[in-house]
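Novice: I am attaching a structure below and will ask some questions about it afterwards.
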Amino acid sequence: MILNPVIMTMNLKDMNGLEIIDFFKPLEDNKNLFIRNIVLSSNIPDQEQVITHRLHKTFSRYGLLYEVQVLPCQTSKLQENTSDEKSLPQTDIESLCYYAFVKFYSSVSAEKAKSALNLTHFVGTKACKVTFAKRKRTGSEKQVLFISQCFDLANFYLGFNGWSSSIKELKRELTDVCLSSKEDYCCFACTTNIVIHHHGLSVNGKGFSLLKFSSEDPASQIKAHGRCMKQAYQDSIQKAFSKVILVILGNGKVYTDINSSVPEDLEEFQPSYKSVAVTELEVEPELASDEDNLDEENINILSELETVFM
C-alpha cells in the first residue's frame, strides 16, 4: 500500500496517531473489546436485547461500531469462577450469564473506549471488565463489508455529501455456466463508479451475479432477472469500496487513498489526484440509507427492480 504523496509530506506532529481503515470486516483483536461481569436482574425480560442496546449506546460514543455480540455464559463455568456460589440463590447465579464483544472499525476508538469504560461502566448492577479480545482465527482471508456497512463507514468519516456513486454499465453476461448447463441461468455484470468529493479520488468496481430460474414460469424469470441485476450492483459497490482506504490523522483530519493490496479488475481504472481536501471530525455526520447516495436515474432503476421484480 502506497500513501498519497500529499500525506507523506505532512508534518510529523500531524502524523502522530495516524490510522488506516479499509472497507473490510475488522477482525483484529485491537478493534474487538471483550466485556465481562455483565449482571442484570433476573426479572428483566429480553435481557440480550437490553444489554445489546445499552452497550451500543455507550460504546458508540467513542467511534463507529461494526458489531455488538451478546452471548450467554455457561452456568458450570460461572460456578467454577465464583468463590462463594453456594451463598448465592440459583436465580442470581443464572442472571450472571452474559458476556459481550464490541467491535470497532478503528483501533484508536477501541483503545479510548477500553480506557474510559473498564471497571467504570455499569450495564447492570456491577462494573464491567473491558479488555481486548483474544480470538483464534480459522482463516486469514479478509472479507469485504456488506453494502450497508460500506455506506455507514463512508458516511461517518466522509460525511453525508462527501461521496457519491453512479452506475456506469449494467448488462447481461453469457457465462460458461449459462451456455453449458441444461438448467436456465441469468447472469448480469455491473460497473459502478464511486467518487470521493473534494479528495480527487475516483474508483470503479465490477460486480457479477448468477441466478437460476424456471423457463416454464415467466414470473420466475422476471424475478430472477431483477434480483440478479440488484445483486450485481451491490457486488460492484462493495468491490469499489474495497479499493479505498481512509487515512485518519491524530488531529482528526481524514484523507482517502487507493488500497493497492486489492487487485484491479478494470483496465480503464485510472486513479487521479487533484487538489486534496480533508474532512474534520468535529461533529459526527448524519448517516444515510442505502438509497440516499444514488443519483436520480439509479434510484429509479433500483426502485423499479424492487417493486416490479421482487
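Novice: Quote to one decimal, in nm, the extra length available between ILE20 and ARG61 on full extension: 0.36 nm per residue of separation minus the C-alpha distance between them. Don't jump to the answer; show the numbers that get you there.
Specialist: Values: separation 41, 0.36 × 41 = 14.76 nm, distance 2.00 nm.
Result for the pair: 12.8 nm of gain on full extension.
Novice: Quick check on my link table: of LYS168/LYS243; LYS103/LYS230; LYS25/LYS171, which ones sit more than 19 Å apart, alpha carbon to alpha carbon? It would help to have the intermediate numbers written out before the result.
Specialist: Values: LYS168/LYS243 17 Å; LYS103/LYS230 29 Å; LYS25/LYS171 29 Å.
Violating the 19 Å limit, Cα to Cα: LYS103/LYS230; LYS25/LYS171.
Novice: Another question about this same structure. If each of ASN43 and SER115 carries a label point 7 Å out from its Cα toward its Cβ, how far apart are those two points in nm?
Specialist: Here the modelled spin labels are 4.1 nm apart.
Novice: Extending each Cα 7 Å along its Cβ direction at LYS129 and LEU71, get the distance between those two points in nm, one decimal.
Specialist: 1.6
Values quoted throughout were computed directly from the atomic coordinates according to the rules given, and no laboratory measurement underlies them. In this text the structure is predicted, and so the values were computed from the model without any measurement. Virtual Cβ from ideal backbone geometry, glycine too; neighbours counted across all protein chains shown.
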